[in-house]
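Notes for the one structure printed next.
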Amino acid sequence: DTLNKRCQFLKTQIQDLLTAKDNLQQIIEQINLSMTKQFKEAFSGIENYFNEIFKHLFGGGKARLILTDQENILSSGVEIIVQAPGKKNQNMTLLSGGERTLTVIALLFAFLQYRPAPFSVLDEIDAPLDEANIKRFSIFLKDYAQKTQFIIVTHRKGTMEAADVMYGITMADAGISKIISVKMTVAEE
């Protein structure tokens, strides 16, 4: 009788575990479906913004994001295919250093466009850019600053020219650092 009760108890436990397992599998499937849907929406939005921003930064061209595994979206990789003005379609790894940097900047700002932030900190993002690309980047940044406030750490003159306020550190006396701020305004004639 005791063994029979014990057996019934264990059968009930097994059934409870099997029911819980089925429930968890259903929940996981629902989460995967929801995450896949959200990812597809986000991916599509980010790809559109990426193409727009790429065109703006490069003065034309095309940019695309491609999933490497369409069947398994949640574990798929992403390929970046771009076509700078006057060039053929190519993988991002085939671009020059400056073009690659501008492409990554376009992707970063595509994320910011999809999910705007009130402010963003960019540390030496412009370091690999040449002067022509610095000019493009600073114009783009000035336009984009209407939506998001930026704190930029840079040594590049072209980027500093786009700033509204600059902060710097100087050491007039040995061992004594001093913070200097300059508010940039357009001089009226």
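The values are calculated or read from the model by the stated rules, or taken from the named source; none is laboratory data. Predicted, not measured: the structure shown is a model, and the values here were computed from it. Note that we place each Cβ from the backbone using ideal geometry, even for glycine, and neighbour counts take in every protein chain shown. When the accessible area is computed, the model is the full protein with side chains, heavy atoms only, and any ligands, DNA or RNA have been set aside. Shrake-Rupley method; radii C 1.70, N 1.55, O 1.52, S 1.80 Å.
I'd like to compare 20-28, 152-160: which one has the highest average count of other Cβ atoms within 10 Å, and what's the full order after that?
Top of the packing list down: 152-160, 20-28.
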Straight-line reach from LYS62: which lysines have Cα under 23 Å away, leaving out those fewer than 8 places along the same chain? LYS40, LYS87, LYS88, LYS135, LYS142
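Mind checking the per residue accessible area of the chain for me, 1.4 Å probe, whole number of Å²? It would help to have the intermediate numbers written out before the result.
On the way: 13340 Å² over 189 residues.
Each residue of the chain exposes 71 Å² on average to a 1.4 Å probe.
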Rounding to the nearest 10 and keeping the result within 0 to 90°, find how far the Cα-based axis of helix 131-144 lies from the longest principal axis of the chain. 60
GNM, the chain, Cα, under 10 Å: largest mean-square fluctuation among THR148, THR170, THR93? THR170
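Of all the Cα-Cα pairs you can form in segment 1-111, what percent are over 19 Å apart?
Values: 3677 of 6105 pairs.
That fraction is 60 percent.
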Using only the alpha-carbon atoms, how far is helix 2-58 inclined from the longest principal axis of the chain? Give it as 0 to 90 degrees, nearest 10. 20
Among LYS87, LYS178, LYS62, residue whose mean-square fluctuation peaks in a GNM of the chain (springs only between Cα atoms under 10 Å): LYS178
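At a 1.4 Å probe radius, carbon and sulfur cover how many percent of the accessible area of segment 2-102?
Values: 3820 of 7010 Å².
Carbon and sulfur atoms account for 54 percent of the accessible area of segment 2-102.
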Rounded to whole angstroms and listed largest first, the alpha-carbon spread of segment 62-189 along its three principal axes comes to 62, 36, 33
About its Cα centre, the chain carries a charge dipole, from +1 on Lys and Arg Cβ atoms and -1 on Asp and Glu Cβ atoms, whose size in debye to the nearest 20 is 360
